[in-house]
Every structure is written in C-alpha cells, then in structure tokens.
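Accompanying notes for the structure given below.
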Amino acid sequence: MSSTEPTNSTDRTAGARPAARPVRLAAAAVVAGVEALGLVAGGVYMMVHALTGTSEDLTGAATGAVTLVALGLIPLAAARGLWLCRSWSRGPAVITQILALPVAWQMIQANSAMIPAGVVLGVLAVAGLVLLVNPATTEALGIRRPGQQA
C-alpha cells in the first residue's frame, strides 16, 4: 500500500477520493440535488407571491419562503458531499429522504394539483433511500458495515 492511498474513511473525507464514483452514488447525489432545487424553487415561488401581494399573510409567506430556501441547503450540501464521495454526506441525505416521505404522503392526500408532485417526491425519496443504503454506495463513501474489519 502506497502512502497516497486512503487508509480509512478519515483520509477519504480529508480530500482523497476513490478511483471511480459508482453510478448509484452519482444517482443518489442527483436525487438529493433535485430535492434541493425543488425546495429552493418552492421558497422562491412563495417569496414572489408574498412580495407581489397575492398572499394574505405577508409575514407567514415570507417566513415560509425563507424556511424552504434554508431547508433546501441541507440536501444541496448532501448532494455535493455525495458527488465528492464524502462519508459525512450520507447522514443528511438519508434524513432528507425520510422527511420527504410524509410530505409526499400529505401531498398525495390533497385533492389538488399537488398529487403529481407528491408522487414524484415519493418516488424520489424511496429511490434515494435505496441508493443510499446500497453496499456499493456505502463502500465508496468509506462507511463500514457492522462486523466489517477496519
């Protein structure tokens, strides 16, 4: 083993990357990125409505808009970390997927145009979870499975 090869996950998070990014890891990064863009777009949409006066509660709409944009930063950071094969990024990405599931369910329960968006969000969340727990993804991130030697 040469001195330039990572010896553990700490070395990998310090900047060294594996030779190739698995397709599943890249796909997980894309899923997190799409979710981040959706949150930011929703926040911008709410802010535009708040500023143009179409919202009855300016303070509530502005607060909701800022909250959505701020929440969009979490999956955006996770997407970047996944793309760069950083082990820390899996946690925020998994949490984002888990939190997206009840939101998708509520969107599907609404009898409105939110149903298709809820279906898309639900599919993204399930796909993201499957990709994030895949052995190829965890190995590329340097995350050891229980009972695996260091």
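The values are calculated or read from the model by the stated rules, or taken from the named source; none is laboratory data. Because the structure is a prediction, the values reported are computed rather than measured. All Cβ positions, glycine included, derive from the backbone under ideal geometry; neighbour counts span all protein chains shown. These accessible areas exclude ligands, DNA and RNA; they are computed on the full protein's heavy atoms, side chains included. Shrake-Rupley method; radii C 1.70, N 1.55, O 1.52, S 1.80 Å.
Side notes on the structure shown:
- The residues on offer are 147, 53, 142, and the sole one that is open to solvent by 70 Å² or more (accessible area, probe 1.4 Å) and assigned to a loop (DSSP other than H, G, I, E, B) is 147.
- Checked against the criterion of being aliphatic (A, V, I, L, M) and in contact (Cβ under 8 Å) with a residue 60 or more places away in the chain, the candidates 110, 62, 93, 104 yield just one match: 93.
- Taking the numbered list (1) of a type in the set (Lys, Arg); (2) open to solvent by 60 Å² or more (accessible area, probe 1.4 Å); (3) part of a helix (DSSP H, G or I) in turn, residue 90 passes all entries but (2).
- Selection status of residue 48, in a helix (DSSP H, G or I) and either surrounded by 16 or more Cβ atoms within 10 Å (Cβ to Cβ) or in contact (Cβ under 8 Å) with a residue 24 or more places away in the chain (or both): no
- Of the listed requirements (1) farther than 14 Å from residue 39 by Cα; (2) open to solvent by less than 20 Å² (accessible area, probe 1.4 Å); (3) in a helix (DSSP H, G or I), residue 85 misses just one: (3).
- Candidates are the residues of region 29-45 that are open to solvent by 40 Å² or more (accessible area, probe 1.4 Å) and small (Gly, Ala, Ser); the one that is nearest to residue 131 (Cα to Cα) is 38.
- Counted residues, region 99-129 - those being open to solvent by 90 Å² or more (accessible area, probe 1.4 Å) and part of a helix (DSSP H, G or I): 6
- Exclusive hit being in contact with a Lys or Arg (Cβ under 7 Å, 6 or more places away or on another chain), hydroxyl-bearing (Ser, Thr, Tyr) and open to solvent by less than 40 Å² (accessible area, probe 1.4 Å), set 137, 96: 137
- Taken over region 94-117, the criterion of being among the small types (Gly, Ala, Ser) and closer than 29 Å to residue 138 by Cβ is satisfied by 100, 104.
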